[in-house]
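What follows is one structure encoded as structure tokens, with my remarks underneath.
No value in this document is a laboratory result; all are computed from the given coordinates. Computed from a predicted structure; not experimentally measured. Glycine gets a Cβ as well: all are built from the backbone with ideal geometry, and neighbour counts include every protein chain shown.
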2 protein chains.
Amino acid sequence: MKETVTDAVEPGPRIAFQGELGAFSQIATYQLAGDNAIPVPLPTFHQVFEAVANGTCAAAAIPIENTLHGSIHENYDHLLKFDLGIRAETFVRIVHNLIAPPGVRFADITRVFSHPVALAQCLHFFEENPGIRKTIHYDTAGSVKMIMEEGLKDAGAIASAAAAPIYGAEILKKSIEDDRQNFTRFFLLRPNSAPPETPPDRPVKYKTTIVFTVKNVPGALFRCLSALALRDIDMNKIESRPLRGKPWEYLFYLDFIGSPDEAPARNALGHLREMTDMLRVLGTYPAAG
Amino acid sequence: MKETVTDAVEPGPRIAFQGELGAFSQIATYQLAGDNAIPVPLPTFHQVFEAVANGTCAAAAIPIENTLHGSIHENYDHLLKFDLGIRAETFVRIVHNLIAPPGVRFADITRVFSHPVALAQCLHFFEENPGIRKTIHYDTAGSVKMIMEEGLKDAGAIASAAAAPIYGAEILKKSIEDDRQNFTRFFLLRPNSAPPETPPDRPVKYKTTIVFTVKNVPGALFRCLSALALRDIDMNKIESRPLRGKPWEYLFYLDFIGSPDEAPARNALGHLREMTDMLRVLGTYPAAG
């Protein structure tokens with residue numbers, strides 16, 4: 001695995017992520033775990049969670065929401081099933097680039113491969129270039145890998161700038177995404193048994209993520225939110241997911257500013273425990289951005 | 001289009017749905033618009049909304065949430081963009097069946113095609129039959145159509161029971177889904193300019209679906225929910241979606257029991273208008289189930 005770090009740097013922790021080398025998640029691994037982190041690409045999110053649960057990797061970098069696409073609901077579901085905790089968050093700005101094999105000119109390109117979400121985020125580019133066909137591939141960086149391996153002379157791929165040098169390809173057009181307000185939020189996950197993170201050397205705001213189910217009575221969610229609001233605790237996000245086995249009932253995932261180390265959040269969590277059927281703290285971590 | 005109804009019945013309204021004939025959405029069209037409805041299959045949800053907006057179809061039947069998979073977020077986004085209203089809701093129990101061309105026996109089958117969500121809902125079947133490979137196709141009913149058109153002798157498809165006779169295929173195994181608590185909720189949508197629905201001939205509970213954005217201040221969502229809770233209005237569901245152009249701010253979609261024709265819901269909506277930046281009533285309709 002040493003090829004991904006320079007010889008001068010001591011290899012860091014192995015960090016699992018979903019996708020191919022050069023994926024936006026790989027950029028997140030460095031932001032979350034340091035420049036000497038060793039990114040370990042895996043095909044599915046489930047395998048990423050398993051790699052941390054079984055100790056193959058020290059931690060995972062997973063996307064949880066994107067400002068255009070919304071939440072990555074599959075990862076909310078995995079957070080509930082695995083005994084991993086959220087230790088850090090980071091934001092990655094999603095910049096899509098048109099990438100092609102060396103020697104392929106823009107005029108040669110008749111089709112562009114990428115993940116469907118990336119293709120859908122570059123619609124202006126395809127409108128301005130009606131001779132280029134959108135072609136669905138399973139992964140952004142994987143589409144760069146594929147056009148290089150296949151030696152395609154008429155094809156490009158849409159991926160992060162980091163993907164081009166990894167596969168020996170070239171960037172033909174930078175930043176072809178429609179909307180520059182395109183950010184993905186990532187979590188760093190570790191086993192709950194792992195030692196706590198080193199505290200930051202400057203004062204920070206903490207964020208806490210919880211998941212809970214409410215009693216099936218009118219006003220139940222409102223009362224749960226009151227546990228935060230009556231203590232002036234700022235809620236950043238709420239996400240609902242279906243509760244298995246109870247049709248039309250929901251799990252709620254909630255982010256708020258605060259840490260159970262401080263009285264207001266600790267008391268709010270105690271109050272929430274009175275009003276919920278199930279409550280789990282998924283993690284407390286320094287708020288990014 | 002008359003081939004989909006018997007000659008004895010007057011053809012009903014054209015109802016757009018996403019998928020191929022035999023899709024679960026087609027079952028929903030009959031539940032929502034009557035047995036003489038003419039289901040009009042279209043490839044994408046966007047085309048379904050457009051067909052109603054431009055008058056090609058009288059109405060649309062769209063899935064909005066499934067008890068195992070969660071919300072169909074794309075359709076929440078379309079509800080905001082199009083000037084269509086929710087006129088009815090219905091629940092369809094999702095029963096997955098193994099379907100094959102006539103003459104193909106269970107022992108002949110080495111691969112089964114279906115939509116990835118349907119394949120993921122029949123994992124026990126694949127665990128019990130390790131010689132059968134899951135194969136991804138774009139649509140459940142479309143996979144029945146494909147195995148028939150290709151004349152495959154080693155393949156089956158997973159789809160609704162309704163799909164088998166439509167394509168001349170046969171059901172080999174009924175109800176192979178893992179979890180019987182598998183329901184999808186569908187909406188009937190019409191242009192907001194269309195005349196109101198005929199009221200039901202018995203007293204019913206009404207449900208109202210709204211979408212709103214909150215002011216970006218602490219406790220904003222809590223105060224919005226108070227407009228309902230303080231009037232004892234029962235909230236059934238809340239769903240958040242990213243707000244375009246404002247990273248990490250959200251739209252909220254909310255269902256509650258009640259109709260703006262009655263004072264509590266009317267007053268709650270007035271109260272909500274004071275506290276929201278944007279509020280739209282997407283529809284009021286008889287609550288199903």
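Starting from the label point of A:I136 at 7 Å along Cα→Cβ, the same points in the other copies fall at 0.8 nm, in ascending order.
Overall form of segment B:216-260: oblate. Here a/c, set by the Cα gyration tensor axes a ≥ b ≥ c, is 1.5 or more, and a/b is not larger than b/c. Quick check on segment B:1-132: take the gyration tensor over C-alpha atoms, sort the square-rooted eigenvalues as a ≥ b ≥ c, and tell me if it's rounded (a/c under 1.5), prolate or oblate. It comes out oblate by the Cα gyration axes. Under a no-solvent Debye model with one identical scatterer per Cα of segment B:206-286, what's log10 I(q)/I(0) at q = 0.17, 0.26 Å⁻¹? Each listed q maps to, in turn, -0.61, -1.37.
Averaged over peptide B:174-185, the number of partner chain Cβ atoms lying within 10 Å of each residue's Cβ comes to 1. Spatially, segment A:19-41 and segment A:142-179 are offset by 18 Å when compared through their Cα centroids. Mean separation of Cα pairs under 8 Å and 6 or more residues apart, divided by the residue count, gives chain B a relative contact order of 21 percent. Just so you know, the Cα atoms of segment B:242-289 work out to an Rg and Dmax of 13.0, 38 Å. Summary value for segment A:65-134: 26 percent relative contact order, contacts being C-alpha pairs under 8 angstrom separated by 6+ residues. Proximity of backbone amide H atoms, modeled 1.01 Å from N, is registered between A:K207 and A:G258, A:Y285, A:A287 at under 5 Å, excluding neighbours fewer than 5 places apart on the same chain. Take each residue in A:237-249, count the other chain C-beta atoms within 10 Å of its C-beta, and the mean is 5. What separates the B:S193 label point from its copies, with the point 7 Å along Cα to Cβ, is 6.6 nm, written shortest first.
The orientation-averaged shadow of the Cα convex hull for segment B:136-181, equal to a quarter of the hull surface, comes to 3.6 nm².
Straight-line cross-link partners of B:K153 among the lysines, defined as a Cα under 26 Å from its Cα and at least 8 positions apart when in the same chain: B:K134, B:K145, B:K173, B:K174. Within segment A:192-250, the proportion of C-alpha pairs whose separation exceeds 19 Å stands at 51%.
Would you mind giving the average projected area, over all directions, of the Cα convex hull of the protein assembly as shown in nm² with one decimal?
Working: hull surface 118.6 nm².
Over every viewing direction, the Cα hull of the protein assembly as shown projects on average to 29.6 nm².
Neighbouring Cβ atoms within 10 Å as the yardstick, rank B:E150, B:E10 fewest first.
B:E10, B:E150
With K and R counted +1 and D and E -1, the other residues having a Cβ less than 14 Å from that of B:T110 yield a net charge of +3. Can you compute log10 of I(q)/I(0) for segment B:77-220 with the Debye formula, treating each Cα as one identical point scatterer, at q = 0.20 Å⁻¹? Per q value, in the given order, log10 I(q)/I(0) is -1.09. With the Cα gyration tensor of segment A:146-289 giving a ≥ b ≥ c as the square roots of its eigenvalues, does the rule (a/c under 1.5 for rounded; else a/b larger than b/c for prolate; else oblate) give rounded, prolate or oblate? Prolate is the answer for segment A:146-289, as a/c is 1.5 or above and a/b outweighs b/c.
If Lys and Arg each add +1 and Asp and Glu each add -1, what is the summed charge of the other residues whose beta carbon sits under 12 Å from the beta carbon of A:V144? With Lys, Arg at +1 and Asp, Glu at -1, the net is -4. With θ taken as phi - 60° and the Karplus curve 6.51 cos²θ - 1.76 cosθ + 1.60 applied, the whole-hertz 3J(HN,Hα) list for segment A:99-105 is 10, 9, x, x, x, 7, 8 Hz, x standing for glycine and proline. Kirkwood radius, segment A:97-173, all distinct C-alpha pairs, inverse of mean reciprocal distance: 11.8 Å.
Its relative contact order, with pairs defined as Cα atoms under 8 Å and 6+ residues apart, puts segment A:111-208 at 28 percent. Taking Cβ atoms as reference points and 11 Å as the exclusive limit, the residues near B:P218 contribute a net charge of +1, counting Lys and Arg as +1 and Asp and Glu as -1. The fewest-to-most ranking of B:K215, A:K153 by surrounding Cβ atoms within 10 Å reads B:K215, A:K153. So the label point sits 7 Å from Cα along the Cα-to-Cβ vector; using that for B:H124, what distances do you get to the other copies, in nanometres, sorted shortest first? Ordered by increasing distance: 5.1 nm.
Only helical runs count toward this figure. For the protein assembly as shown, summing -39,500 (n - 2.57) over DSSP H runs of n ≥ 4 and dividing by all residues gives -7500 deg cm²/dmol at 222 nm. In plain terms, if you count all Cα to Cα distances in chain B and split them into 10 Å steps from zero, the share in each step is 6, 26, 29, 22, 12, 4, 0 percent. Ordering A:L188, B:T209, A:H78 by Cα displacement along the dipole of the protein assembly as shown toward the positive end leaves B:T209 in first place; charges were set at the Cβ atoms of Lys, Arg (+1) and Asp, Glu (-1).
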